[in-house]
1. On the basis of being of a type in the set (A, V, I, L, M, F, W, C), closer than 19 Å to Leu52 by Cα, in a helix (DSSP H, G or I) and open to solvent by 20 Å² or more (accessible area, probe 1.4 Å), does Leu180 make the cut?
2. Restricting to helices (runs of 4 or more DSSP H) lying wholly in region 1-87: which have 1 or more residues that are loosely packed, with under 12 Cβ neighbours inside 10 Å and among the aliphatic types (A, V, I, L, M)?
3. Looking at (1) part of a loop (DSSP other than H, G, I, E, B); (2) modelled with pLDDT under 95, which is the only condition Lys132 fails?
4. Pairs only if they're at least six apart or on different chains, beta carbon under 7 angstrom, first in region 39-59 and β-branched (Val, Ile, Thr), second part of a loop (DSSP other than H, G, I, E, B); list them, first residue then second.
5. Only one of (1) closer than 13 Å to Leu126 by Cα; (2) part of a loop (DSSP other than H, G, I, E, B); (3) acidic (Asp, Glu) fails for Asp99. Which number is that?
6. Applying the selection to region 102-123, what residues are without any contact (Cβ under 8 Å) to a residue 24 or more places away in the chain and assigned to a loop (DSSP other than H, G, I, E, B)?
7. What is the number of the single condition among (1) at pLDDT 95 or above; (2) open to solvent by less than 60 Å² (accessible area, probe 1.4 Å) that Leu170 does not meet?
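The values are calculated or read from the model by the stated rules, or taken from the named source; none is laboratory data. This one's a predicted model, so the numbers in the text were calculated from it and none came from an experiment. A quick note on method: Cβ atoms are made from the backbone with ideal geometry, for glycine too, and the neighbour counts reach across all protein chains shown. Remember, those area values only see protein heavy atoms, side chains included, never the ligands or the DNA or RNA. Shrake-Rupley method; radii C 1.70, N 1.55, O 1.52, S 1.80 Å.
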Amino acid sequence: MPPRPLCPACLRPAAACLCGCVQPVASAVQVLVLQHPQEAGHAKNTARLLHLCLPGSRLEVGEVWDAAALQALLHAPWPGQAPGAAVRPLLLYPPTPPDPQLPVQPPPALPPDWLAQPQALRLVVLDGTWRKSRKMLYRNPGLQQLPRLALQDLPPGRYAIRKAQAPDQLSSFEAAALALARLHAWEAGHPAWVQLLQSFEAAMALHQRLQAASRALPGD
């Protein structure tokens, strides 16, 4: 049987296409998603949805990057930016407890004045399970050199289609959306925040419908 054609935008089969869930949102903060290869084809992954909702964002798949290539991803101006534009990469990552198997260097402090200029920020999101993202951090020293944005007082996750180890563990989409809300100072009813939330909930509802339809097939 020939493989099912995939949507060129969301890379999902036509019956599971996510594009109808997408509401594009303008962000002054650039977003760079570094996705672990094992997440790239995962049906429940939310990084592709995040990328589609944020025009101008970038999604790169890999576990280890050449040092020069990683520096370019983190620091080089993107299309549309002036060649000498300030680029301040900021890693979205929680405090890391010691791990003798995957030791990482303590991050530098986040300069307070960075948060006053969201247009200069490049939010770096590691997309993978906790262990996979920790390994990406460990294997790419350039990421360890970035100041970090750690989210505090997290709401319960809405990512019901994938099991979390704790109530405050969020999907990549949810964590990035909360980070963008903080960096832009979006209030709860801000249109951009509402649109991101609606996109996420629409994608979750689509996945749940597809799961229900699959279970209802004869012979299942």
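1. Values: of a type in the set (A, V, I, L, M, F, W, C): yes; closer than 19 Å to Leu52 by Cα: yes; in a helix (DSSP H, G or I): yes; open to solvent by 20 Å² or more (accessible area, probe 1.4 Å): no.
Spelling it out, it is not the case that Leu180 is of a type in the set (A, V, I, L, M, F, W, C), closer than 19 Å to Leu52 by Cα, in a helix (DSSP H, G or I) and open to solvent by 20 Å² or more (accessible area, probe 1.4 Å).
2. In region 1-87, 67-75 are the helices (runs of 4 or more DSSP H) which contain 1 or more residues that are loosely packed, with under 12 Cβ neighbours inside 10 Å and among the aliphatic types (A, V, I, L, M).
3. Here Lys132 clears every test but (1).
4. Thr46/Ser171
5. (1)
6. Going through region 102-123, the residues without any contact (Cβ under 8 Å) to a residue 24 or more places away in the chain turn out to be 106, 112-113, 116.
Hit for region 102-123 is Pro106, nothing else.
7. Among (1) at pLDDT 95 or above; (2) open to solvent by less than 60 Å² (accessible area, probe 1.4 Å), the lone unmet condition for Leu170 is (1).
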